[in-house]
1. If I ask for residues that are without any contact (Cβ under 8 Å) to a residue 60 or more places away in the chain, on the phi > 0 side of the Ramachandran plot and surrounded by fewer than 24 Cβ atoms within 10 Å (Cβ to Cβ), which ones from segment 285-312 would you list?
2. Is at least one residue of segment 110-122 among the hydrophobic types (A, V, I, L, M, F, W, C), modelled with pLDDT under 95 and in contact with a helix residue (DSSP H, G or I) (Cβ under 9 Å, 6 or more places away or on another chain)?
3. For segment 363-376, name all the residues that are of a type in the set (Asp, Glu) and in a helix (DSSP H, G or I).
4. Out of curiosity, is Trp81 hydrophobic (A, V, I, L, M, F, W, C), at pLDDT below 90 and either under 24 Å from Phe202 (Cα atoms) or surrounded by fewer than 17 Cβ atoms within 10 Å (Cβ to Cβ) (or both)?
5. Touching a residue at least 60 places away in the same chain (Cβ under 8 Å), surrounded by fewer than 22 Cβ atoms within 10 Å (Cβ to Cβ) and not in a helix (DSSP H, G or I): is that true of Val282 in this structure?
6. Only one residue in Leu321, Leu292, Leu379 is in a loop (DSSP other than H, G, I, E, B) and in contact with a Phe, Trp or Tyr (Cβ under 7 Å, 6 or more places away or on another chain), so which one is that?
7. For segment 325-357, name all the residues that are within 18 Å of Leu263 (Cβ to Cβ), out of contact with any Leu (no Cβ under 8 Å at 6 or more places or on another chain) and assigned to a loop (DSSP other than H, G, I, E, B).
8. Just to be sure before I move on: is Ala138 outside the structural domain of Glu340 (by TED's automatic domain parsing), under 15 Å from Ala107 (Cβ atoms), assigned to a loop (DSSP other than H, G, I, E, B) and among the aliphatic types (A, V, I, L, M) in the structure I sent?
Amino acid sequence: MRVLFATWAAPSHLFPMVPLAWAFRAAGHEVRVAAPASGAAAVAATGLSAVAAGPDVAVAQMAGRERLAPWRSRGEWATGWSARPDLLGEAELDVLRALADKQLMVADAMLGDLVAFGRRWAPDLVVYDSLCLAGPVAAAALGVPAYGFVAGSPAVTRIERLHPSTGPLPAYLRLFERFGAEPVVEPRGWLDPCPPSLRLPFDGDRTELRHVSYNGPGTVPGWLLDDPGRPRVVVTGGAAGSKYGGQAGAGLFRDTLEAVTSLGAEAVLALTPAQAENLGPVPEGTRVVRSLPFHLLFPACHAVVHHGGSGTAFAAFAAGLPQLVLPQAPVLAELARSMEARGAALVLGADEQEDPRRFATAVARLLDDNDLTRAARNLQDEVATMPPPSALATTLTPA
């Protein structure tokens, strides 16, 4: 087969799909990964073949618009909102409309090149990041089946609808009309790496897919193989943490680092190169690492503290680590609260993140609570039962 992957952003939306793309390659299929021109280098760095689709859209500027500001701010919306947008007020619904407008603008910019490439290369199958609305439109224009790769909450996965009870947005349907394609409002299926016990309600057909952590290449440092003689706690904002406001910037979770070191544990601050550029002073006893893949780092740690991103959380599931989550946006709080309900994570909400004493109490519990560790190990076992990407590379076919 020829399999065309599509994403709208790199690296946080690209990385979760990389193991599946490589599974197709290992099975003997041809793979191309389409992304806006600004993401082509990130695709190429994975060893996969990149296709630059469309001119760059000023995504960073759009993300900073006033209507989208709450999407990048600490705070929580009504519990269960991602499965039931009817719980939201008009202000929150307008944020989702702004998010849909942004994704539709990116899709419109990508589609000309994406469809033109598809008509020349003739893929048999399209796999798209659920926020990359160009993916299903291109598949329909090419007359091939598509699978959506679930990213984030159900509300984000179906952003072209805004509400489960409504049909697709008119602007989304116009993208199909542009290519004379019959609108396809449901993909053939959704590929979902979320452990079943943590899934939020969702009206699509899901195919389980084990999350395999990928954060780029790396070299195993010698210290990682040594026993530190004390608990090791990693603190990170993941690949996307720097795009959120508040503490998820250069001085990442400073109160948490101070709490970890004050309790005698080893703090490991894991950063991307962009986050490290503006790094200020960190508490004594903090080890700073740059671009160290989570699948190497996490198994050598006792616990992880992070901003709430699904890529970081899923990597912690695979390593069996208890988590302290400091959600930096409403969409990140949804998964965090689901993990908390399962007993595998502690969560500090926006108000609690303003009180340094809360960090010390939470980290102390993270280090000593056996129930948290037991629940995290149970999640690890659950993840291990899910089919790996290699299994799906043999079952996802055009037929």
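The values are calculated or read from the model by the stated rules, or taken from the named source; none is laboratory data. Just so it is clear, the model here is predicted, and its values are computed rather than measured. Here the Cβ is made from the backbone with ideal geometry for all residues, glycine too, and neighbour counts use every protein chain on show.
1. Gly285
2. no
3. Scanning segment 363-376 gives Asp368, Asp371.
4. Criteria met by Trp81.
5. When the stated conditions are applied, Val282 does not pass them.
6. Leu321
7. Asp355
8. No: the conditions fail for Ala138.
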